[in-house]
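Enquirer: Below is one structure. I have some questions about it.
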Amino acid sequence: MEKKNIDWSNLGFGYIKTDKRFVSNYKDGIWSEGILTDDAEVTINECAGVLQYAQTVFEGMKAYTTEDGRIVIFRPDLNAARMADSARRLEMPVYPEENFVKAVEDVVRANAAWVPPYGSGATLYLRPYMFGTNPVIGVKPADEYQFRVFATPVGPYFKGGAKPLTLRVSDFDRAAPHGTGHIKAGLNYAMSLHAIVSAHEDGYDENMYLDASTRTKVEETGGANFIFVTHDNKVVTPKSDSILPSITRRSLMYVAKEYLGLECEEREVYMDEVKEFAECGLCGTAAVISPVGKIVDHGTEICMRAGMEKMGPVTQKLYDTLTGIQMGRIEAPEGWLHTVE
């Protein structure tokens, strides 16, 4: 199979239309079998539920070419389960998890020429999503939905390597207690846009959100979970019912314990203890781990021991081990790599 004529090593992180995408429709209580299509356009009614009341959920995941030439998808079963949880919370019909995995696999197979080659630094980003399609003028769930999956090749999230980020403690709240912070819904990201634009205008790379109830505990950023490393190399991640359960974070915590032999802990992390940590990172699908060098809390600077030049040593080991697993250089735990035949 011949790859597309693309300068893979210079790809940015953006949308490129590929050959095929998957579409399935929900009507009268039943999901259609679904098809692969060339058509990248979506046509819906002006009063569609997604346009009126933001009834939409999505996932983000990647396919890779491994060192031995296989095309694999990283832990798609967890994305399927998380989308099911998101759909239930927004009163949307669950797209069957086994069908989700098959649809993603079909899209990767149909766009195999777009999967970047091993060693290029690029990957195939996958976006499964679902939204309400029929007219809804009263405040209620839609009756009809569409589930879609598209793919786009992307370069590394950080060109030239991951330089440590500078964060600010935000005055905005990302999610309310008992709200929707724990699901991957479009509305959560919409409400973070003003905060991130404001942060960039003030010279910061991202926001650190605290819990909305007491504003004393670390939650996450607009699109990534936190991982901290103590001075004695314990890996700590915040625990909260209002943060998104990141698949990358769960994978990193497993790697830390089972591959690197590090002590790991998921617990509430108070803002006043952040200054005691040696390393800090943001974890998510796009970048795996983004190192944090400095956090500014209303004028007070908290500088990580690792500094502003490179990842800290433990964060680097976590990054190297997980990406090694994803690329087939390191043996993966059973079920982590879903091979596309």
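Enquirer: To the nearest µm²/s, what D does Stokes-Einstein give for segment 77-165 at 4 °C and 1.567 mPa s, using the Kirkwood radius over alpha carbon pairs as Rh?
Expert: Working: Rh = 15.4 Å.
Taking Rh from Cα pairs, D becomes 84 µm²/s.
Enquirer: To continue, here is another question. Could you please tell me the mean projected area of the C-alpha convex hull for segment 44-93, averaged over all directions and given in square nanometres to one decimal?
Expert: Quarter of the Cα hull surface area: 4.8 nm².
Enquirer: Let me ask something additional. For segment 1-96, what is the convex hull volume of its Cα atoms per residue in Å³?
Expert: 162 Å³
Enquirer: Moving on. Could you tell me the distance between the Cα centroids of segment 7-74 and segment 169-222, to the nearest Å?
Expert: Cα centres, segment 7-74 to segment 169-222: 26 Å.
Enquirer: Another question, if that's okay. To one decimal place, what orientation-averaged projected area in nm² is obtained for the convex hull of the Cα set of segment 191-341?
Expert: 10.2 nm²
Enquirer: For segment 123-222, take every pair of Cα atoms, bin their distances at 10 Å starting from 0, and report each bin as a whole percent.
Expert: Result, from short to long distances: 12, 30, 34, 21, 3 percent.
Enquirer: What residues have an amide H closer than 5 Å to that of Gly328, excluding those fewer than 5 places away on the same chain, when H is modeled at 1.01 Å from N in the peptide plane?
Expert: Glu67
Enquirer: Where the only charges are on Cβ atoms (+1 Lys, Arg; -1 Asp, Glu), what is the dipole of the chain about its Cα centre, to the nearest 20 debye?
Expert: On the way: 36 positive and 48 negative charges, 79 e Å.
Magnitude of the dipole: close to 380 debye.
Enquirer: Of the DSSP beta bridges with both residues in segment 151-282, give the percent that are antiparallel, rounding to the nearest 5.
Expert: Among the beta bridges of segment 151-282, antiparallel pairing accounts for roughly 55 percent.
Enquirer: Stretch Ser9-Glu258 to full length: gain in nm at 0.36 nm per residue minus the Cα-Cα span?
Expert: Length gained, Ser9 through Glu258: 86.4 nm.
Enquirer: When you count, for each residue, the other Cβ atoms within 10 Å and take the mean per peptide, how do 145-154, 235-244 rank with the highest first?
Expert: 145-154, 235-244
Enquirer: Taking a quarter of the surface of the Cα convex hull of segment 1-45, what do you get in nm²? Intermediate values should be presented prior to the final figure.
Expert: Values: hull surface 22.0 nm².
Averaging across all directions leaves 5.5 nm² for the Cα convex hull.
Enquirer: Can you bin segment 253-297 into rounded, prolate or oblate? Criterion: square roots of the alpha carbon gyration tensor eigenvalues sorted a ≥ b ≥ c, rounded for a/c under 1.5, prolate for a/b above b/c, oblate for the rest.
Expert: Verdict is oblate for segment 253-297.
Enquirer: Something else now. How high is the relative contact order of segment 38-191? Use alpha-carbon pairs under 8 Å, at least six apart in sequence, and give a whole percent.
Expert: About 31 percent, as a whole number.
Enquirer: Hey, can you grab everything whose amide H is under 5 Å from the amide H of Thr56? Only 5+ residues off in sequence or another chain; H modelled, so Pro and N-termini drop out.
Expert: Gly186, Leu187
Enquirer: Continuing with the same structure: Roughly what would the spin-label model give for Ile330 and Glu2, points 7 Å off Cα along C-beta, in nm?
Expert: It is 3.8 nm.
Enquirer: Output the pairs from Lys27/Lys62; Lys140/Lys184; Lys17/Lys294 with a Cα-Cα distance over 27 Å in this structure; if there are none, say none. Numbers along the way, then the final one.
Expert: Details: Lys27/Lys62 29 Å; Lys140/Lys184 20 Å; Lys17/Lys294 37 Å.
The pairs that break the limit, which is 27 Å between Cα atoms, are Lys27/Lys62; Lys17/Lys294.
Enquirer: A follow-up question, please. For the pairs Lys217/Lys239; Lys239/Lys275; Lys163/Lys234, flag any whose C-alpha to C-alpha distance is greater than 20 Å.
Expert: Lys163/Lys234
Enquirer: Could you grab the relative contact order for segment 190-341? Cα pairs under 8 Å, six or more apart, rounded to a whole percent.
Expert: This gives 18 percent for segment 190-341.
Enquirer: Suppose a student asked you for the relative contact order of the chain, using Cα pairs under 8 Å spaced at least 6 residues apart; what percent would you report?
Expert: Reported relative contact order: 19 percent.
Enquirer: Grab the alpha carbons of the chain, take their convex hull, and tell me the volume per residue in Å³.
Expert: Each residue corresponds to 138 Å³ of Cα convex hull volume.
Enquirer: Shape of segment 183-230 from its Cα gyration tensor (a ≥ b ≥ c, root eigenvalues): rounded if a/c is under 1.5, otherwise prolate when a/b > b/c, or oblate? Write out the running numbers ahead of the final one.
Expert: Values: a/c = 1.55, a/b = 1.17, b/c = 1.33.
It is oblate, given that a/c is not under 1.5 and a/b is not larger than b/c.
Enquirer: Where Lys and Arg each count +1 and Asp and Glu each count -1, what net charge lies around Arg21 among other residues with Cβ under 15 Å from its Cβ?
Expert: Counting the neighbours of Arg21, the net charge comes to -1.
Enquirer: Another one. For n ≥ 4 DSSP H runs only, could you compute -39500 (n - 2.57) per run for the chain, divide by its residues and tell me the 222 nm figure to the nearest 500?
Expert: Rounded to the nearest 500, it is -6000 deg cm²/dmol.
Enquirer: Then there is this: Cβ under 15 Å from Ile247's Cβ, Ile247 left aside: what net charge do those residues give with Lys, Arg +1 and Asp, Glu -1?
Expert: Result for the local shell: +1.
Enquirer: Sticking with this structure for a sec: How high is the FRET efficiency from Arg89 to Ser32, r the C-beta distance, R0 25 Å, rounded to 0.05?
Expert: The value I calculate is 0.60.
Enquirer: A follow-up question, please. With every protein chain left in place and a probe of 1.4 Å, what is the accessible surface of His231, to the nearest 10 Å²?
Expert: 110 Å²
Enquirer: Using unit Cβ charges (K, R positive; D, E negative) and no other charged atoms, how large, in debye to the nearest 20, is the dipole of segment 225-328 about its Cα centre?
Expert: So the magnitude is around 320 debye.
Enquirer: Multiplying the sequence separation of Ala40 and Thr214 by 0.36 nm and subtracting their Cα-Cα distance, what value in nm do you get? Intermediate values should be presented prior to the final figure.
Expert: Values: separation 174, 0.36 × 174 = 62.64 nm, distance 4.43 nm.
The Ala40-Thr214 span can extend by a further 58.2 nm.
The values are calculated or read from the model by the stated rules, or taken from the named source; none is laboratory data. Bear in mind the structure is a predicted one, so any value in this text is a computation, not a measurement. Don't worry about glycine lacking a Cβ; one is built from the backbone with ideal geometry, like all the others, and counts go over all protein chains shown. The area values use the complete protein model at the heavy-atom level, side chains included, leaving out ligands, DNA and RNA. Shrake-Rupley method; radii C 1.70, N 1.55, O 1.52, S 1.80 Å.
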